[in-house]
């Protein structure tokens, strides 16, 4: 076996930078794509293997101590009993690995109105993602070409090394450096995807968001993420929900809440009115003498239950509005009312004691 230092043309005291520079120079000269000489390919393989060993500190140390390179060995290496048993009993990867890999997961945020949360909504959005290359259909090869069996490992994806250890010479295997363990090489990669089998593109995605989702909820859409390398399966898409603030309605669980401002005279005399909701106009009865803070519940007009069926309620809180701008006639009417009710005085409110002796506060 040729000496790795001689193959690269460096001394045994060469630094890593000197080894790297020597390899790059020889690789440019001997690469089969630029050097048609008959022995260029074999020399290129020797140069590549020599660099693979000498660029790794552990493998270089083992080689300098008399090892073959490629694995650490006893003494001073990282070759352990687990590696020995793997070599005898078939541990680790066997055979070529698949070039196709699962795509990455993706995350996007969708902003919803409260009304969309109440009923659910379908949205069509445009996302920037990795999609299958339309030229090579994920094969990574230029049209009309196909992968070739690796000359180094002969399609196994593994190369064998003989390592000296305390137990004698042991034959071990590791992923082939030439084909990266795939067992095949791509002599002519697709130009459109640069041998990736996928390209960046924008695509439309239809989202069916159910009613009842909450702000901050994350939805998982299986298989809607990026397509994998070499046409591998898609990753997942995660959708973070953000709910816009609504100027009229709030949310408490699956109930909607709102405040109805009631003029003083309507609070005194009572009236029937209509309020606009997400379900359209709804009749509401304001009872005479209604007080600020009292509520009225309208069943089934709240948020759709995310789990189960039906909807929550709409809870209306009354707020009695005291007029602060009166003309002379209105002021006179209030004076007359005050005279009629002059027996009523301003006083501090007393808190009643409940049945079990606890103070009840309002």
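Under the criterion of Cα pairs below 8 Å and six or more residues apart, the relative contact order for the chain equals 14 percent. With r as the distance between the Cβ atoms of residue 244 and residue 272 and R0 = 30 Å, compute the FRET efficiency 1/(1 + (r/R0)^6) and round to 0.05. The pair residue 272/residue 244 has a calculated efficiency of 0.40.
Compared with the rule-of-thumb size 2.2 N^0.38 Å for a compact globular protein, the chain has a Cα radius of gyration ratio of 1.90. For segment 228-331, what percent of Cα pairs sit more than 24 Å apart? I get 45 percent for the Cα pairs in segment 228-331 exceeding 24 Å. Give me the base-10 log of I(q)/I(0) for segment 160-301 at each q in 0.13, 0.16, 0.21 Å⁻¹, Debye formula, one uniform scatterer per Cα, rounded to two decimals. Listed by q, the Debye log ratios stand at -0.86, -1.02, -1.30.
Highest GNM mean-square fluctuation among 347, 100, 201, for the chain modelled with Cα contacts below 10 Å: 347. Shape of segment 281-321 from the C-alpha gyration tensor: prolate (a/c of 1.5 or more and a/b above b/c, with a ≥ b ≥ c the square roots of its eigenvalues).
Between the helical axis of 40-54 and the longest alpha-carbon principal axis of the chain there is an angle of about 60 degrees.
Can you give me the Cα centroid spacing of segment 240-283 and segment 316-336 in angstrom? Each part's Cα centre sits 23 Å from the other's. DSSP beta bridges fully contained in the chain are about 75 percent antiparallel.
Rounded to the nearest 10 degrees, the inclination of helix 328-340 to the longest alpha-carbon principal axis of the chain is 70 degrees.
So for segment 250-340: antiparallel DSSP bridges make up what percent, rounded to the nearest 5?
Taking every DSSP beta bridge within segment 250-340, about 65 percent pair in antiparallel fashion.
Relative to the longest principal axis of the Cα atoms of the chain, the long axis of helix 16-30 lies at roughly 70 degrees. Footprinting exposure proxy ranking of 18, 13, fewest other C-beta atoms within 10 angstrom first, gives 13, 18.
Between residue 208 and residue 102, what's the calculated FRET efficiency when r is the beta-carbon distance and R0 is 25 Å? Round to 0.05. Once rounded, the FRET efficiency stands at 0.55.
Inter-label distance, residue 146 to residue 111: 5.3 nm, where each label sits 7 Å from its Cα along the C-beta direction.
Read-outs: derived from the displayed coordinates by stated rules, not from any lab. No experiment lies behind these values; they were computed from the predicted model shown. Every residue, glycine among them, receives a Cβ derived from its backbone with ideal geometry; neighbour counts consider all protein chains shown.
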